[in-house]
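For reference, the structure discussed in these notes is given below.
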Amino acid sequence: MTTTPEVRGRTAGRTEKSRSAAPRTVVRYVLLVLLGLIFISPLVFMIVTSFKTRGEAAGFPPTWIPDPFSTEAYTSILGARGTPVLRWFGNSLVAALANAALVVTTAALAAYALARMEFRGRGVVFGMIIATLFVPPVILIIPNYLIVGELGWLNTLAAVIVPTAASAFGVFFLRQFFLSVPEELEEAARLDGASPLQIFVKIILPLSRPALATLALLALLTNWNDFLWPVYVLFSPEMQTLPAGLSTLQSANAVRYDLLMAGAVIASVPVLVLFVFLQRFIIEGVSRSGLKG
């Protein structure tokens, strides 16, 4: 089969473009690998340090390979009576899961009303909710503490679950996602006799699983990593959450870096596992939530 000069010219042009693009692709991948190593190196160093001995963990210059390899830090941190790490882990897990469920529930209901329901002052209400994002959370510590104290929730997990159950960011995030859902689906359901609640539960929520999963993960991480508020409202050692409890290791053990790193590894495992399993929903939820304003 013979080829015309025009076809040969196009083929040669594609080959020349691919050759010129090859060096740029190599440079791009090298930069991405280097950037990935920079971001992952603190995590690797944390894990490595948790398997060092007490002396090696505090030594200078720091080493990347434990010599000898030791599990002393994990044995000490999990077996000490004054540091019930597993209890702290359970408290953090219960509080984070319960708070994430409340945040998703309240934000989904409010966001759907602001995205689909027509009522007077809807824009004003949404604007007031967004305005609360500019309020520094630290100035709400005293009012929240007084409210929690009046409710009798001090030194209970309810104190770290309920106060942040209403999320302004969650309302904004889900509202943007709900606006991207075609209204024709809801109109067809109304013609079939579905009520607003049935439309919300059977149509909107199933279509919004990526956004709901993303918000749930963000809420869980926020509660899981919270340090300041649990310190104020949780007093007894057995009621502490993991970040607040791990902070006591520094004073109680004269800065045992191996213990601190072991505790940090234990605290980071659930976060990494959740991200691995939910990253597809996170990417889809974030990408779709900004389609329509």
> Filtering the stretch 149-175 down to residues that are in a helix (DSSP H, G or I) and among the small types (Gly, Ala, Ser), which residue is surrounded by the most Cβ atoms within 10 Å (Cβ to Cβ)?
Replying inline: Gly170
> Looking at (1) open to solvent by less than 20 Å² (accessible area, probe 1.4 Å); (2) at pLDDT 85 or above; (3) among the hydrophobic types (A, V, I, L, M, F, W, C); (4) over 26 Å from the mean Cα position of the chain (by Cα), can you tell me which one Ala188 breaks?
Replying inline: (1)
> Does Ile47 meet the test of being surrounded by 10 or more Cβ atoms within 10 Å (Cβ to Cβ), of a type in the set (Val, Ile, Thr) and under 29 Å from the mean Cα position of the chain (by Cα)?
Replying inline: yes
>> Being in a helix (DSSP H, G or I), open to solvent by 10 Å² or more (accessible area, probe 1.4 Å) and within 25 Å of Ile130 (Cα to Cα) is the filter here; which residues of the stretch 176-185 pass it?
In response: Gln176, Leu179, Glu183
>> Looking only at the stretch 118-146, count every residue that is loosely packed, with under 10 Cβ neighbours inside 10 Å and either of a type in the set (Gly, Ala, Ser) or touching a residue at least 24 places away in the same chain (Cβ under 8 Å) (or both) and tell me the total.
In response: 3
> From the list Gly90, Gly55, which residue is open to solvent by less than 50 Å² (accessible area, probe 1.4 Å) and free of Cβ contacts under 8 Å to residues at least 24 places away in the same chain?
Replying inline: Gly90
> For Glu118, are the conditions met, namely being in contact with an Asp or Glu (Cβ under 8 Å, 6 or more places away or on another chain), among the charged types (D, E, K, R) and more than 30 Å from Ser236 (Cα to Cα)?
Replying inline: no
> Within the stretch 183-217, which residues are within 19 Å of Gly170 (Cα to Cα) and free of Cβ contacts under 8 Å to residues at least 24 places away in the same chain?
Replying inline: Val201, Pro206
>> If I ask for residues that are in contact (Cβ under 8 Å) with a residue 60 or more places away in the chain and either of a type in the set (D, E, K, R) or farther than 30 Å from Asn223 by Cα (or both), which ones from the stretch 164-182 would you list?
In response: Arg175
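The values are calculated or read from the model by the stated rules, or taken from the named source; none is laboratory data. Note that the coordinates shown come from a computational prediction; the quantities given were computed from them, not determined experimentally. No Cβ is skipped: glycine too gets one built from the backbone with ideal geometry, and neighbour counts run over all protein chains shown. For the accessible areas, the whole protein counts, side chains as well, though only heavy atoms, and no ligand, DNA or RNA atoms are used. Shrake-Rupley method; radii C 1.70, N 1.55, O 1.52, S 1.80 Å.
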